[in-house]
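> Okay, handing you the structure first.
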Amino acid sequence: MRGPNLEEESGWGFPSPGESRLPAIGAVLIALALYVVLPNRLTLGPNWLVPAFEVALLVPLVLGNPSRLTRESRDLRWLSVTLIAFVTVANVVSLSLLVHYLLHGGKTGGRQLIYSAIAIWLTNVIVFALWYWELDRGGPLARVQPKHRRPDFLFPQMATPWVVDRPWYPQFIDYLYTSLTNATAFSPTDTMPLTPVAKVLFGAQSLISVMVVVVVGARAVNILS
């Protein structure tokens with residue numbers, strides 16, 4: 001007797017018709033803007049230096065694929081991963097500098113501290129949404145192919161495919177929402193990480209979020225009081 005086919009009985013196996021890069025580009029630009037508004041003491045060099053380098057990486061991606069991603073554009077994936085990694089490192093360094101500054105007696109206005117913490121936390125949400133989008137099933141370029149690897153994330157629509165029109169596939173907004181809820185709850189909510197890499201990313205994002213909320217938030221309350 002033939003057993004149930006997972007890809008036929010759920011939304012796991014549907015390829016993407018070709019995703020747009022525009023939401024991801026918009027997210028990167030917002031992250032760059034958040035970095036620019038940080039105080040110079042929390043950035044690597046002048047606060048325009050890192051965004052300038054990131055724009056230099058972003059321009060070839062925009063020119064190579066201005067809108068929809070297809071299987072012919074797979075050679076640009078390394079550039080996309082490099083860009084996301086650079087944004088991640090810059091944000092982690094900013095958080096480390098902020099925590100170091102606070103723990104070693106730095107004095108600053110409560111308003112400036114809160115604004116910096118909010119910018120770092122929002123960047124954390126954006127950058128991990130980009131990681132999830134780039135990781136799942138091998139990335140947006142791999143998801144357009146009929147044969148791609150198993151999902152890295154279990155979305156509710158994949159477990160209950162009858163609640164949506166088929167075929168359903170996750171888009172950038174789904175990864176952004178997953179990142180937001182993980183950063184807010186410090187744990188998975190409706191979307192579950194399935195692979196070791198996905199679990200590592202979820203854990204790393206939760207730790208960064210906890211550090212921002214607990215360490216920086218506690219000091220901000222102390223300053224404002």
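Readers should treat all values here as calculations from the given coordinates under stated rules, not as data from a laboratory. Note that the structure is predicted; figures quoted are calculated from it, not measured. Heads up, the Cβs are rebuilt from the backbone with ideal geometry, glycines too, and the neighbour counts pull from every protein chain shown.
> Restricting attention to segment 110-147, which trypsin sites (Lys or Arg not before Pro) occupy a DSSP loop and are surrounded by at most 13 other Cβ atoms within 10 Å? All intermediate terms of the calculation are to be shown ahead of the outcome.
Numbers: sites: 111, 137, 143, 147; in loops: 143, 147.
Those that pass, being in a loop and sparsely packed, are 147.
> So for 192, 211, fewest C-beta neighbours within 10 Å to most, what's the order?
192, 211
> Between residue 163 and residue 111, how many nm apart are label points set 7 Å from Cα along the C-beta direction?
The two pseudo-label positions are separated by 4.4 nm.
> Given q = 0.07, 0.13, 0.17 Å⁻¹, what are the Debye log10 I(q)/I(0) values for segment 18-224, with equal point scatterers placed on the Cα positions and solvent ignored?
-0.23, -0.75, -1.15
> Using amide H atoms built 1.01 Å from N in the peptide plane, name the residues 5+ places from residue 20, or on other chains, whose amide H lies under 5 Å from its own.
Here the answer is 69, since their amide H atoms fall under 5 Å of that of residue 20.
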